[in-house]
Amino acid sequence: MQDLGRPTAPQPDSSSPAAEASVRNAQTQAGTPAPARERRKPRISETPPAAPPAPRLADYESIIGKSQLDELRFVASPLRGKRVKMVNSTAMGGGVAEMLNRLVPLLDELEIKTGWEVITGGNDFFEVTKAFHNALHGGEFTLTQQARDVFMLHTEQNRKRMSFDEDLVVIHDPQPAGLISSKAGKSSHWVWRCHIDLSHPNRDVWSFLHPMVEQYDAAVFSSPAFARSLAIPQALFYPCIDPLSEKNKDLDEKYIQEVCDNFGVDRSRPIVTQISRFDRLKDPLGVIKAYKMAKKYVDFQLVLAGGGASDDPEGAVVLKEAQEAAGDDPDVIILELPPWSALEINALQRASTIIVQKSLKEGFGLTVTEALWKAKPTIASAVGGIPTQVIDKHTGLLVHSVEGCAYQIRYLLTHPEFGAQLGRNGREHVKENFLMTTNARRWVMLFRILSSSNA
Ligand code: UDP
């Protein structure tokens with residue numbers, strides 16, 4: 001890792017005199033009666049925009065530099081002409097499909113002929129695989145013979161429908177894992193890419209899948225903590241973001257202003273934002289509590305933006321609770337966004353002074369990656385994959401409680417130069433570890449290792 005420059009760390013219980021002075025200053029401002037403000041009704045787009053074209057490899061040069069791009073082309077060159085198939089359970093929706101939409105054209109441009117296919121199945125199959133998914137995350141589930149039969153029946157149908165003549169086959173997640181029986185007698189190499197946390201799986205479901213998984217040539221997990229002990233080689237690939245996607249590309253200042261105007265966000269005052277589905281595990285109520293505590297000392301607005309409430313009964317309840325907790329405070333702006341809000345989310349993240357992710361549990365936490373990529377001072381809970389991204393006091397601040405979150409909001413709002421240094425470090429950390437181009441390089445290296453084991 002490069003030397004990112006280590007800023008001086010804040011100490012929770014001892015602020016510098018300058019910091020105290022600026023907090024007192026802010027306190028006076030916060031204490032001054034503000035001109036009466038009313039909550040504005042946000043204008044939210046009701047139609048999805050057209051999908052933008054996938055970027056070309058050369059488009060990444062301005063981000064990762066020519067030498068990194070040349071290196072990627074160089075390490076991929078022995079694989080020219082090899083054919084790769086990726087298989088996923090869904091073509092749309094979900095992070096895996098989004099990632100494949102970007103990864104597949106990149107590998108293809110490196111002259112590794114890559115395609116991806118989606119398995120099919122009836123409702124019965126997807127009900128079983130959804131139950132498997134939850135059970136593998138540790139949920140209760142009784143694995144019946146009927147569930148096994150449904151899984152195997154649809155796996156067989158997919159096997160018959162699909163051909164596997166490629167040199168390398170990558171199967172994503174448990175739903176299509178049974179396709180491995182098509183490997184028999186072929187010289188191809190098969191990888192199982194597991195995106196879910198397998199640290200505490202339901203024992204029955206894992207016993208059912210385990211023998212399939214061990215027929216692969218390698219397994220890839222997103223974190224050492226998510227992996228299982230297996231007899232096959234395992235690799236660690238962090239999830240990644242595409243810096244050229246709508247969610248992450250650079251935006252015109254004018255557009256950012258327009259989004260803030262539409263959403264009733266005042267850019268002349270500090271903005272603290274959490275982007276998340278309205279889900280208890282994202283702790284929006286904890287964020288509002290932290291806002292209320294910090295607001296006694298510093299003036300700022302809180303933006304809580306996310307979707308998932310209209311199609312999730314629990315999400316609707318959590319959204320309502322958040323609205324009730326916010327009351328009629330015009331400085332708490334709660335936005336329920338439709339699923340096609342990538343550009344708006346990007347603009348909100350860029351307009352923010354600080355980004356918070358106060359999750360109680362988390363997978364990897366792509367919202368954190370997105371915030372760090374935008375060089376935003378980030379305060380996030382030390383759960384799931386967040387500590388891999390937020391190195392405390394270096395690329396952001398880790399917190400363990402509402403009080404800690406409130407304290408760090410107050411600290412960062414009064415120490416902007418420290419926040420700016422965290423932001424710069426955070427962006428470098430993402431650039432080195434969590435970009436799509438790094439991910440493509442990891443695939444290339446794994447394919448090379450597997451291909452050479454043929455010799
Ligand atoms: N996101 C979104 N719309 C929303 C809320 C979140 O597009 O209303 C995006 C967010 O920008 C991120 C992803 O969904 O890219 C959430 O991923 P994360 O790993 O943070 O959490 P998850 O929702 O998968 O638990």
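When only C-alpha pairs under 8 Å and at least 6 residues apart count, what is the relative contact order of segment 229-334, in percent?
Relative contact order, segment 229-334: 26 percent.
Tell me, what is a quarter of the convex hull surface for the C-alpha atoms of segment 128-286, in nm² with one decimal?
The Cα convex hull of segment 128-286, projected and averaged over all directions, gives 13.9 nm².
Calculate the FRET efficiency for H137 and K320 from the Cβ-Cβ distance with a Förster distance of 30 Å, rounded to the nearest 0.05. Could you put the intermediate results ahead of the total?
Details: r = 26 Å, r/R0 = 0.87.
Computed FRET efficiency for H137 and K320 comes out at 0.70.
Could you work out the relative contact order of the chain? I mean the mean sequence separation of Cα pairs under 8 Å and 6+ apart, divided by the number of residues, in percent.
So the answer I get is 18 percent.
Taking 27 Å as the cut-off for C-alpha to C-alpha distance, list the pairs among K289/K431; K254/K376; K292/K393; K41/K431; K289/K393 that go past it.
Working: K289/K431 33 Å; K254/K376 19 Å; K292/K393 24 Å; K41/K431 37 Å; K289/K393 23 Å.
Result: K289/K431; K41/K431 exceed 27 Å.
Taking 0.36 nm per residue of separation and subtracting the Cα-Cα distance, what length does fully extending S45 through H200 add?
That works out to 51.8 nm of additional length.
Using the basic label-point model (7 angstrom from Cα toward the beta carbon), what is the W340 to R148 distance in nanometres?
Placing both labels 7 Å beyond Cα along the Cβ direction yields 4.6 nm.
Placing unit charges on C-beta atoms (Lys and Arg positive, Asp and Glu negative, everything else neutral), compute the dipole magnitude of segment 258-375 about its Cα centre in debye, rounded to 20.
Its charge dipole is roughly 520 debye.
With a point put 7 Å past each Cα toward its Cβ, work out how far L281 is from D165 in nm, to one decimal.
A separation of 4.2 nm, rounded to one decimal place.
What order, most packed first, do the peptides 68-81, 124-137 have when packing is the mean number of other Cβ atoms within 10 Å of each residue?
124-137, 68-81
Give the span of the chain's Cα atoms along each principal axis, as three whole-Å numbers ordered largest to smallest.
77, 51, 43
Over its Cα atoms, what ratio of radius of gyration to 2.2 N^0.38 Å does segment 261-309 give?
On the way: Rg = 11.6 Å, N = 49, 2.2 N^0.38 = 9.7 Å.
Against the empirical 2.2 N^0.38 Å value, I get 1.20 for segment 261-309.
In segment 343-379, whose amide N lies under 11 Å from the spot 7 Å out along Cα-to-Cβ of A225? List them in ranges.
361-365
Taking the Cα-to-Cβ direction at S453 and at E258 and moving 7 Å from each Cα, how far apart do the two end points lie in nm?
That separation, rounded to one decimal, is 5.1 nm.
Quick note: the coordinates plus some simple rules give every number you see, no bench work behind them. Being a predicted model, the structure only gives us computed values, none of them experimental. With ideal geometry, Cβ positions are generated from the backbone for all residues, glycine too; neighbour counts draw on all protein chains shown.
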